[in-house]
Amino acid sequence: MALFEYFPNYVWNLSVAIALESGGQIGEIIDMCAPIRERAGRGEDVGTGAFMAEWVKMADKLVDLATEDQAEGHALSAGAKLKRAAIYYTVAERMQGLGHEGREATYALALDTFSRGTKLSGDPVRRVAVPYEGKEITALWHQAPGDGAKPAVVFCNGLDSTKETLWCSGFPEALARRGISSLCVDQPGTGEALRLQNLPSTCDSERWASVWVDWLQTQKDVDPSKIGMTGISLGGYYAPRAVAFEPRFASGAVWGANHDWAEVQQKRLRREGENPVPHYWSHVQWVFGAQDQDDFLEKSRGMTLEGVLDRIKVPFLVTHGEYDRQIPLDYAHRSYDQLVNSPNRRLKIFTPREGGVEHVGADNISFGRDYIADWFADTLV
């Protein structure tokens, strides 16, 4: 496998890969991981507190260094360090179990350093919020350069990502270079929606996706007839479901074909395939607002695209890594085969020839990022 495998378990290595592919520095990552390498051999759940302590320590140091940069008038250098700190805080937080001491404070630091870092760097991104079922949901709006109304893409999380990790993937910048704006969203069950608004996930992703389409169609710099949607990991369920039931989407794509996530839970009960995060069962119960494992399995029973994809009548792309250890490759073929009413359907399997063979390109995110960006350039611009 092409994944950088520093630790003896997949879940910890996946977190390292997320940091590397989001802009982390290999030297800093080794410095954070070396003191805890032995702990990883005890299993994916043991030692996550020590993981957070090391990664927060590095992030705190970067914040201090950024403060020194600012004092010398070097805003760009400070911004770069703060964005890396945000990555490390985010990865540290996602590795923790529900209620772990310091988790809430670490998430707050991730939000703060990301906001300050992108402002100091002059990045064309801003946080937006819209009302949603008596509360609010938030997103990061990355506007493509130039005048006039442009296409836009809604980019949603998977099970455990946040809008900040979506933005740090470089996908919004790849779209912007192709004349497309983007909206990285913290949908219910993820990011701010879960942590600050206590909004659990819903199988009916069109409920929140349609709210973002409403918002986009009020923006003068957005072409309301050219709005697409994609999602990463579990977003490979959320995005096609939303495109199927929200007719205003003009194109769609998945970054990982999560065709039947309800079935995946049965596989995980049998210990088939890898988990994305430590403390997996408590995490998914939190995401779905479930009381226990049985309640979670009932609430997630609708997370399948069987009988849904024939509703999609716009161009749609299915991508998957050939050696995905979380989601079966067969799911990509099932999704593609069921897009019978799409006027332009495409299946792309990333192989060792190019890279991106692991789950959502954890080994090399660049191929999926560029391929999906090109897809939207071809179908929206």
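The values are calculated or read from the model by the stated rules, or taken from the named source; none is laboratory data. Please read all numbers here as calculations on a predicted model, not as lab measurements. Reconstructed Cβ throughout: ideal geometry from the backbone, glycine too, with neighbour counts over all protein chains shown. Note: accessible area is taken over every heavy atom of the protein model, side chains too, but ligands, DNA and RNA are not part of it. Shrake-Rupley method; radii C 1.70, N 1.55, O 1.52, S 1.80 Å.
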Qualifying positions in region 11-56 - part of a helix (DSSP H, G or I) and touching a Pro at 6+ places or on another chain (Cβ under 7 Å):
Val11, Leu14, Ala40, Thr48, Glu54
For Lys81, are the conditions met, namely being at pLDDT 95 or above, out of contact with any strand residue (DSSP E or B) (no Cβ under 8 Å at 6 or more places or on another chain) and open to solvent by 70 Å² or more (accessible area, probe 1.4 Å)?
no
Test Lys313 against the criterion of being assigned to a strand (DSSP E or B) and either open to solvent by 10 Å² or more (accessible area, probe 1.4 Å) or out of contact with any Gly (no Cβ under 9 Å at 6 or more places or on another chain) (or both), and give yes or no.
no
By residue number, the members of region 214-268 that are of a type in the set (Asp, Glu) and under 24 Å from Asn341 (Cα atoms) are Glu246, Asp260
Quick one: in region 142-156, which of the residues that are on the phi < 0 side of the Ramachandran plot and out of contact with any Gly (no Cβ under 8 Å at 6 or more places or on another chain) is surrounded by the fewest Cβ atoms within 10 Å (Cβ to Cβ)?
Asp147
Need pairs with beta-carbon distance below 6 Å; first residue modelled with pLDDT of 95 or more and within region 86-111, second basic (Lys, Arg) and crowded, with 16+ Cβ neighbours inside 10 Å; sequence gap 6+ or separate chains.
Glu93/Arg103; Gln96/Arg103; Tyr107/Arg195
Among the listed residues Thr48, Thr90, Thr67, identify the single one that is surrounded by fewer than 24 Cβ atoms within 10 Å (Cβ to Cβ), of a type in the set (S, T, N, Q) and at negative phi.
Thr67
Test: Ala253 is assigned to a strand (DSSP E or B), open to solvent by less than 10 Å² (accessible area, probe 1.4 Å) and under 19 Å from Lys348 (Cα atoms)
yes
If we keep only residues of region 256-266 that are among the polar types (S, T, N, Q) and surrounded by fewer than 24 Cβ atoms within 10 Å (Cβ to Cβ), then the residue nearest to Ala176 (Cα to Cα) is Gln265
Candidates Val318, Val381, filtered to the one that is under 23 Å from Ala174 (Cβ atoms), modelled with pLDDT under 95 and of a type outside the set (S, T, N, Q):
Val381
Total residues in region 333-381, condition under 27 Å from Tyr6 (Cβ atoms), open to solvent by less than 30 Å² (accessible area, probe 1.4 Å) and not in a helix (DSSP H, G or I)
7
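Okay, residues lined up against (1) surrounded by fewer than 18 Cβ atoms within 10 Å (Cβ to Cβ); (2) not in a loop (DSSP other than H, G, I, E, B):
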site	(1), (2)
His100	yes, no
Thr106	no, yes
Leu120	no, yes
Val128	yes, yes
Leu140	no, yes
Gly158	no, no
